[in-house]
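Note sheet for the following structure.
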Amino acid sequence: LQAYERRFPTCPLIPMFVASDTVNEYKSEDEAIHVIERRCKLDIDAPRLLKKIAGVDYVYFVQKNSLNRRERTLHIEAYNETFSNRVIINEHCCYTVHPDNEDWTCFEQSASLDIKSFFGFESTVEKIAMKQYTSNIKKGKEIIEYYLKQLEEEGITFVPRWTPPVACKLESSTSHPRRPVSPAINIPDSATKEGLNSKEILNTSSSPSEPTAGTPDDKLDADYIKRYLGDLTPMQESCLIRLRQWLQETHKGKIPKDEHILRFLRARDFNIDKAREILCQSLTWRKQHQVDYILDTWNPPQVLQDYYAGGWHHHDKDGRPLYVLRLGQMDTKGLVRALGEEALLRYVLSINEEGLRRCEENTKVFGRPISSWTCLVDLEGLNMRHLWRPGVKALLRIIEVVEANYPETLGRLLILRAPRVFPVLWTLVSPFIDDNTRKKFLIYAGNDYQGPGGLLDYIDKEIIPDFLGGECMCEVPEGGLVPKSLYRTAEELENEDIKLWTETIYQSASVFKGAPHEVLIQIVDASSVITWDFDVCKGDIVFNIFHSKRAPQPPKKDSLGAHSITSPGGNNVQLIDKVWQLGRDYSMVESPLICKEGESVQGSHVTRWPGFYILQWKFHSMPACATTNLPRVDDVLASLQVSSHKCKVMYYTEVIGSEDFRGSMTSLESSHSGFSQLSAATTSSSQSHSSSMISR
């Protein structure tokens, strides 16, 4: 705050800020509340012609700062005084103490611009305003750091925290014992005019907040961060906490560990919005394919155990788990022909899951954070056989899946004995590898790995595998050609691939504009409970539940040629005949629920009558703007998310008999959760006989 106050009455670092005058000022007797209102004179960088037409050289803004030392908050409000009948500008900034670490400051800023009319130059004024606002935001950090440095040079490095006078402490302890902390006070304008005394202000405030110093079990404890997460800047730590807090508030399922959340943040250079997007997509993917249980529920086929030339082998010098892959000795064509892409992909996923587990173990063993592993790839024996097109296609798909769901898990990749054919393979796969990941590749041709800067720089001599000239016996399978007797026919592989995709309890469906996806559920006994759980993987949809006394016609598959479904398990079924009329042939039993892309929805419906219930997922069209024929920017951006008017959902439904359902019907609660930055606003609805929740 002391650094911020040095910007007034004028600031040389902001050339447009010419001067400022204090209009009103108020301080409470205990100095906990300080409200100051200033009139600021600005020299806007606008064309001279525009200033001449407007008839002004300067514009004036009113800025009101409300400091609450008791709550440790600072609210800054600003609005334009000049041309206020033509242009309305409002800005709000808020400095608060981080809820989990009282040594951190949180900063939020928002602004609005409404141009009613400006001599025909509305578009120009808008561009100027946006340019000035963007420039100020960029310089904000630079300015505050300038004045902080100035304070340090003057010997001011610490400002004591405000403490209430003794009288105030007594009053607070007797009047409001153990009262919870309330939000920061917004001192009304009348406070400065009518002069509220300190006692009245104390009566509208709360008692001082208790210190929130971390306990030994607090995951923000400095020892915890150093022990399990490594050296992080305050900004990086704040990003981690904010993203984790968002997950806790919006996702009621399994929350990833801090180490895993940190990987997604690092993959996007700690851009929270981008990291949240890919993390939520990964959580949906993990749920769909039950990846969390792959190590416990899936046993690799014997062919993989015998002929996949890869395995874990001790650790490198940094303590990272070491995975050895003898790619040159592996018959990729034989493995693909014998198993198909899906089994290979699943095996690679199990390797990555095992890698995550080993990182946790090594973190405990070595007493320092280890969040990635080292991969050693031996290319001895690599030839044109490895460039078999379906094999390369399978490799590219595996890379794509791993890059999307296991970011920043590869600490280093050592490629040894690269032959002449390697550049061809590298040209094919390198475009699919993230730039940050590519920087971790070290490639050695021939026996270069044995010289200076080679393998000994990264792996202890005692654990260099025997096939690389070391003394350690490596238990990685030697690979070799897969017998052709184990090859599967194309039809068998196709059926196996579909089986692997649908081994989850969830089903996938495509929803098109004008072609909803519908599921039929027949209820024999009234008071049965229909439950559902679905994820909106792409686009926005409307979820409906209907009831009919008569069965609809057999399902009609989607016949839209332009909307052919290519993903395994993805289908589109329409049950409600076009001649049916709502209210006559069928009725709606739940209010429509709009679900945004990325949301996970769980809910239930207690059936009143026997008959046929239809669950429907329908394409959600963006509503037109009521005040203008032009589309809003948000609408346009949202529409771009839905290519070709196609949505995708992943769903699971179940019917539970009323006698089998544990608990009363009123306990069927559900909530609405958002898995993407587009779904910040959440909704929920419940009726006497149903509850629907968008689960977090």
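Listed values, structure above:
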| quantity | calculated |
| --- | --- |
| Residues of region 19-50 that turn out to be closer than 21 Å to Leu1 by Cα and open to solvent by less than 60 Å² (accessible area, probe 1.4 Å), as a count | 14 |
| Residue list for region 583-610, restricted to those being in a strand (DSSP E or B), open to solvent by 20 Å² or more (accessible area, probe 1.4 Å), modelled with pLDDT of 85 or more and of a type outside the set (Gly, Ala, Ser) | Tyr586, Met588, Ile594 |
| Members of region 271-297 found to be modelled with pLDDT of 90 or more and not in a helix (DSSP H, G or I), listed by number | Asn271 |
| Matching residues, region 529-559, being open to solvent by less than 50 Å² (accessible area, probe 1.4 Å), assigned to a loop (DSSP other than H, G, I, E, B) and at pLDDT below 85 | Asp558 |
| Cβ-Cβ under 8 Å pairs, at least 6 apart or on other chains, region 429-457 side without any contact (Cβ under 8 Å) to a residue 60 or more places away in the chain, far side of a type in the set (Asp, Glu) | Phe432/Glu400; Phe432/Glu403; Ile433/Glu403; Thr437/Glu403; Gly454/Asp448 |
| Residue check for Val402: within 30 Å of Arg276 (Cα to Cα), open to solvent by less than 20 Å² (accessible area, probe 1.4 Å) and in the same structural domain as Trp373 (by the TED database) | no |
| Answer from Ile143, Ile128 - the residue that is under 24 Å from Asn80 (Cβ atoms), at pLDDT 80 or above and under 40 Å from the mean Cα position of the chain (by Cα) | Ile143 |
| Breaking point among (1) assigned to a helix (DSSP H, G or I); (2) more than 19 Å from Leu428 (Cα to Cα), for Ala404 | (2) |
| Residue count for region 355-401, restricted to those that are farther than 23 Å from Ala338 by Cβ and outside any loop (DSSP other than H, G, I, E, B) | 16 |
| Flag if Asn85 is surrounded by 14 or more Cβ atoms within 10 Å (Cβ to Cβ), assigned by the TED database to the domain that holds Phe61 and either modelled with pLDDT under 80 or not in a strand (DSSP E or B) (or both) | no |
| Flag for Phe107 being at negative phi, assigned by the TED database to the domain that holds Ile33 and open to solvent by less than 70 Å² (accessible area, probe 1.4 Å) | no |
| Subset of region 465-492 [among the β-branched types (Val, Ile, Thr) and open to solvent by 20 Å² or more (accessible area, probe 1.4 Å)] | Thr489 |
| Residue match in region 320-330 (condition: part of a loop (DSSP other than H, G, I, E, B) and surrounded by fewer than 19 Cβ atoms within 10 Å (Cβ to Cβ)) | no |
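The values are calculated or read from the model by the stated rules, or taken from the named source; none is laboratory data. Values in this document were obtained by computation on a predicted structure and should not be read as measured data. Every residue, glycine among them, receives a Cβ derived from its backbone with ideal geometry; neighbour counts consider all protein chains shown. Just so you know, the surface numbers come from the protein's heavy atoms only, side chains and all, with ligands and any DNA or RNA stripped out. Shrake-Rupley method; radii C 1.70, N 1.55, O 1.52, S 1.80 Å.
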